[in-house]
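Enquirer: Input: one structure, supplied below.
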Amino acid sequence: MKIAQLNAIELSIFIRKPLVVLSFDGFKRSYTKNKSVKTLEHMAKCGTTAEYMYGVYPTKTFPNHYTIATGLYPESHGIVDNVFFEKQFKNRFAKIRQENDEKYSNVLPVVNWLGLPASKRPALIMTYFDQPDAKVTTEMKNVEMVLSYLFETLYKMEILNCINIIVLSDHDKMMETVEQLKCFNNTHYRMYDRYRIPKRYHFSMSNRIGDIILDGQLGTTFYQNYAADYNKTHDHGYDYILPSMHTIFYAYGPNIARGLITKPFQNIELFNLMIALLNINSNVAPSNNGTKGRLNSVLDGILLEKPKRVTPLDDCDGDNDEQAIHENFCLFGLSLLVSGYGEMCYVSNCSSASESALIQKLDSIHGVALVERINADSSVVKTELQNESIGWIETSLSAKGANDLKVYLHSNFAKGHFANLQEITSYYAKVYNEIVVISGPIYDFSNNGTFTDPLTQIHPQYNTTPTHIFRAIFRCNNSDWLEGEMKCENTKSLHALSFILPNAPDDYNCLARGFISFLQDSLSYLIANTARLRDIELLTGLEFLPSSWTSEEELYDDDFSLTLRTMMPEHLWLEKKLK
């Protein structure tokens, strides 16, 4: 193919900047450490890169590429694996990959499309390269050849600075029934159903997902039988928070910030970034699972819409006088840490034994969340079984014994994983001297990962019975909490660790074995069930770190707020000391 050349007139009307997205299959973030791909080094210096990027679960090629293109989780866009079974049509979907066409197997078509006149030139070009999935050392050289050819050619055509370019990868690599599989071997795999699988996987809503999910631990690969083992030395699909699953993100162009290194983010956020780069009105763009504004810091020279925020919480008694609230409310400024949709309000408890506030709906006595300030002197709650024959416990979700928020939990869960959560919360209070803890129930009966009004989900005998409980723990890193207020002396020192635990009668993987010396099984369960603050927001109607209602009250800027709310916990605090 001959490379098309643009004349001066064409260059002058290069008003709409095309977006080129290049995806390299299985490009591990650690591959960049030896700096063998010089073009990526150039992009990082003159554009934007991320510390690393997360894929979605499962970290397979086709689910992740569809997520990159749509901004949707696999449970939403329907491509839940490289191979899957569609129950409705009784079809096995396989070989989604089309036969290779040599004329599209290199970067030359991209160059030619960019050289077309404005009326024929694509605004968006997305292309996939299967290296470095197979032979890393050799293919890294091929990656550099592809990228250097593209950049040098666009430079010679004098249009390099007219094109926004994103380079990323889809995933990284690593080389009877329930009763038969239950607790069989949690070293090699974990078994879940769609109600017990960690919420942060977002892998439960689609009917294309099996009734039983075997989540292989790193290095485990499943085959139907020995004959089906194709002796593949590299595999993927594992938990995306594992370092060996981290992927790359580089961006360069006239609308890309220079010299920026962003915090890690998940590839569901790419869609909104691409929409902005294509100058498409976000109000008419398809809805997606990304969080609007998360990657706004990557953009340069584009008019940005400020993310919409919720209004602050009011006192349920209707007392809105700021001075009166400050004098009578021990957690003054609570709404700077958490607020909520659906006309929520708070009831404070400022007794000598408690510094807490219950968030509830205006028209309901049912609690949405309990906010507590906990110090090193607070003790963990010990819950007694009240009706063992039925298997339920009326349990306070308080981390220090308050009775403000009670729900019914399965007794095994209350005595097992929930008790372990209480223990580790108490441990953090002692280590960090003071923490703020927000806990509450989740009612995801439809299993779609979004907020369900608990008033419509009353258990016929035992009050409200949540499907999950959540907890968000906040601390000030190298800073202290301001006395009587819900903010750190150094605003940007706020750290968060959050969990969503299924309220299930049993654990298919038998990991609830108590926190004697913080057993590894108990720790691994909590790590698996960490969650983003954003996941809790979607399931409860709460919103954390609302940044501004008036200029005087702006505490957290949008970038800090959105980054912390979408941050994926990869490990527990002080994890090495816990083990």
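We did not get these values from a lab; they are worked out from the coordinates using the rules stated. As the structure is a prediction and not an experimental result, all values here were calculated from the model. Positions of Cβ are backbone-derived with ideal geometry, glycine not excepted, and every protein chain shown enters the neighbour counts.
Enquirer: From the cross-link list 28/263; 60/306; 263/430; 33/306; 28/492; 263/361, which pairs have alpha carbons spaced over 27 Å apart?
Expert: Flagged as over cut-off: 60/306; 263/430; 33/306; 28/492; 263/361.
Enquirer: Can you give me the C-alpha center-to-center distance between region 236-273 and region 14-42, rounded to a whole angstrom?
Expert: Value for the Cα centre distance between the two parts: 11 Å.
Enquirer: Can you give the net charge of the other residues whose Cβ lies under 14 Å from the Cβ of residue 35, counting K and R as +1 and D and E as -1?
Expert: Once positives and negatives cancel, what remains is +3.
Enquirer: Turning to a different aspect of this structure: Cβ neighbours within 10 Å, averaged per peptide: list 529-537, 110-118 in order, most packed at the top.
Expert: 529-537, 110-118
Enquirer: Right, next: What nm distance separates the two modelled labels at residue 263 and residue 317, each placed 7 Å from Cα along Cα→Cβ?
Expert: So the two model labels end up 3.7 nm from each other.
Enquirer: Moving to a separate point now. Could you give the nm distance between label points at residue 207 and residue 306, where each point is 7 Å from its Cα heading toward the beta carbon?
Expert: A separation of 4.5 nm, rounded to one decimal place.
Enquirer: Calculate the spin-label point distance for residue 284 paired with residue 394, positioning each point 7 Å from the Cα along the beta-carbon direction, and give it in nanometres.
Expert: The two pseudo-label positions are separated by 5.6 nm.
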